[in-house]
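Peer 1: Pasting a structure here, questions to come.
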Ligand SMILES: Nc1nc2c(ncn2[C@@H]2O[C@H](COP(=O)(O)OP(=O)(O)O)[C@@H](O)[C@H]2O)c(=O)[nH]1
Ligand SMILES: [Mg+2]
């Protein structure tokens, strides 16, 4: 093509103009477009979960946690299909003040268990995690070995929504984990008030991690939580803390005797352990197993699980009713007005509430026509 350049004519001997090259393509010609990933349907999730596919389990849990209606619709169907395959696990709740060593304990016991061939799922309930942007992130570093162990599935707390909402999501995730073959489920709670009750109502065994010398054993604070516990472990029983921990053990034991006997007939046990030095950890697992054997023998195990199922049904009804009411646009507008009326004593609180509920019922009736 050289001749096309007039400068290449005979008369300009000294000059030689090269042809340019074609523009290089802006896209990589070797790039093979990936097949567009297919949208997963309910049966994909269910089959994946039942086959023990952890990636699929993770995606299904994400759906459970999503607040989008279209995700919830799929999630609920997946849960329903998985339900018949759930229930075959030991569910252990772990509570204690921040810093008590819950995550370290889970790492220690969890590694013991997966080495013995158990399949362990670790879930968490931390309704505050949205604000604190995941205290659980720090936790994953405490579960360094466990978070990469083959037979472990660690999932941070669902963060969006009310405690009730967060707890429901965790409870539903338990079903999926069990259907995926996880035989041991740990639920970690951040020890701030309400979340213990929620965790207590979804586990078989509720373990309270305590520290020696915090004064709890003497002041009897967190009485409600102590009453819920099936076992207490005094953690950080190592180094200069051993003597104090043993003393705390005795104090907790006598403290527990002041509580009324639990319905199960099981006497809560107190143990000491060091999660960092891996001392006394497996003994706590023995304690859990003794409890399971005991409650199964006296037919309390299933009874408790049935109570829990009923509890969650009512919880869901309550949540749903509340959400329907408070999220209704007309009601939202009327609430502001009712507040003013109540404050200025124009209407009594009780009557205002009754009127709003009546209006809500009327609206629902019309909407359902
Ligand atoms: N000495 C000692 N320190 C521990 C033990 N378990 C946990 N810790 C430390 O206590 C701190 C809080 O532990 P972490 O597991 O994050 O507590 P969490 O907030 O209850 O989950 C960390 O610095 C741990 O290293 C233990 O058994 N002995
Ligand atoms: Mg933690």
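The values are calculated or read from the model by the stated rules, or taken from the named source; none is laboratory data. None of the values given here were measured: they were computed from a predicted structure. So basically every Cβ, Gly included, is an ideal-geometry build from the backbone, and we count neighbours across all protein chains shown.
Peer 1: Please pick out the residue among 81, 32, 70, 38 that is free of Cβ contacts under 8 Å to residues at least 60 places away in the same chain, assigned to a helix (DSSP H, G or I) and more than 30 Å from residue 301 (Cα to Cα). Break it down stepwise before answering.
Peer 2: Values: 81 fails: more than 30 Å from residue 301 (Cα to Cα); 32 fails: assigned to a helix (DSSP H, G or I); 38 fails: assigned to a helix (DSSP H, G or I).
That would be 70, the only listed residue that is free of Cβ contacts under 8 Å to residues at least 60 places away in the same chain, assigned to a helix (DSSP H, G or I) and more than 30 Å from residue 301 (Cα to Cα).
Peer 1: Taking the condition of being within 9 Å of the chain's Cα centre (by Cα) and assigned to a helix (DSSP H, G or I), how many residues in the stretch 147-167 meet it?
Peer 2: Residues flagged as within 9 Å of the chain's Cα centre (by Cα) and assigned to a helix (DSSP H, G or I) within the stretch 147-167 amount to 2.
Peer 1: Could you check how many residues of the stretch 196-230 are within 16 Å of ligand 1 (Cβ to nearest atom) and at pLDDT 80 or above? Outline the logic, then answer.
Peer 2: So the first thing to find is which residues in the stretch 196-230 are within 16 Å of ligand 1 (Cβ to nearest atom), and the list is 196, 199, 206-214, 216, 222, 225, 229.
Checking the rest, the ones that are also at pLDDT 80 or above come to 196, 199, 206-212, 225, 229.
Summing the residues that are within 16 Å of ligand 1 (Cβ to nearest atom) and at pLDDT 80 or above in the stretch 196-230 gives 11.
Peer 1: I'm trying to understand the selection: among the residues of the stretch 1-10, which are at pLDDT below 75 and assigned to a loop (DSSP other than H, G, I, E, B)?
Peer 2: Answer for the stretch 1-10, where residues must be at pLDDT below 75 and assigned to a loop (DSSP other than H, G, I, E, B): 1, 5.
Peer 1: Give the residues of the stretch 170-194 that are more than 13 Å from ligand 1 (Cβ to nearest atom) and at pLDDT below 90, sorted by residue number.
Peer 2: Correct list: 193, 194.
Peer 1: Sort out which residues of the stretch 81-105 are within 16 Å of ligand 1 (Cβ to nearest atom) and at negative phi, and write them in order of number.
Peer 2: Filtering the stretch 81-105 for residues within 16 Å of ligand 1 (Cβ to nearest atom) gives 92-105.
Residues satisfying the conditions are 92, 93, 94, 95, 97, 98, 100, 102, 103, 104, 105.
Peer 1: Separate question: Among (1) assigned to a helix (DSSP H, G or I); (2) not assigned by TED's automatic domain parsing to the domain that holds residue 232, where does residue 346 come up short?
Peer 2: Failing condition for residue 346: (1).
Peer 1: Taking the stretch 92-105 on its own, how many of its residues are more than 10 Å from ligand 2 (Cβ to nearest atom) and either buried (at least 24 other Cβ atoms within 10 Å of the Cβ) or assigned to a helix (DSSP H, G or I) (or both)? Please lay out each step first, then the result.
Peer 2: Applying the first criterion (more than 10 Å from ligand 2 (Cβ to nearest atom)) to the stretch 92-105 yields 92-93, 95, 97.
Those still in the list that are either buried (at least 24 other Cβ atoms within 10 Å of the Cβ) or assigned to a helix (DSSP H, G or I) (or both) too: 92-93, 95.
So the count comes out to 3.
Peer 1: Give the residue, chosen from 278, 318, 241, that is over 30 Å from residue 172 (Cβ atoms), touching a residue at least 60 places away in the same chain (Cβ under 8 Å) and either assigned by TED's automatic domain parsing to the domain that holds residue 187 or within 26 Å of the chain's Cα centre (by Cα) (or both).
Peer 2: Numbers: 318 fails: over 30 Å from residue 172 (Cβ atoms); 241 fails: touching a residue at least 60 places away in the same chain (Cβ under 8 Å).
It is 278.
Peer 1: Could I ask something else about it? Of the conditions (1) free of Cβ contacts under 8 Å to residues at least 24 places away in the same chain; (2) assigned to a loop (DSSP other than H, G, I, E, B); (3) surrounded by 10 or more Cβ atoms within 10 Å (Cβ to Cβ), residue 22 fails just one. Which one is it?
Peer 2: (3)
Peer 1: It is to be established whether one or more residues within the stretch 326-336 are in a loop (DSSP other than H, G, I, E, B), without any contact (Cβ under 8 Å) to a residue 60 or more places away in the chain and under 25 Å from residue 164 (Cα atoms). Talk me through it step by step, then tell me what you get.
Peer 2: Looking only at the stretch 326-336, we keep the residues that are in a loop (DSSP other than H, G, I, E, B), and these are 327-328.
After this cut, where a residue has to be without any contact (Cβ under 8 Å) to a residue 60 or more places away in the chain as well, the list is 327-328.
Cutting the leftovers down to under 25 Å from residue 164 (Cα atoms) gives us 327-328.
Yes.
Peer 1: Condition (residue is surrounded by 11 or more Cβ atoms within 10 Å (Cβ to Cβ) and not in a helix (DSSP H, G or I)) applied to the stretch 294-310: is it met by at least one residue?
Peer 2: yes
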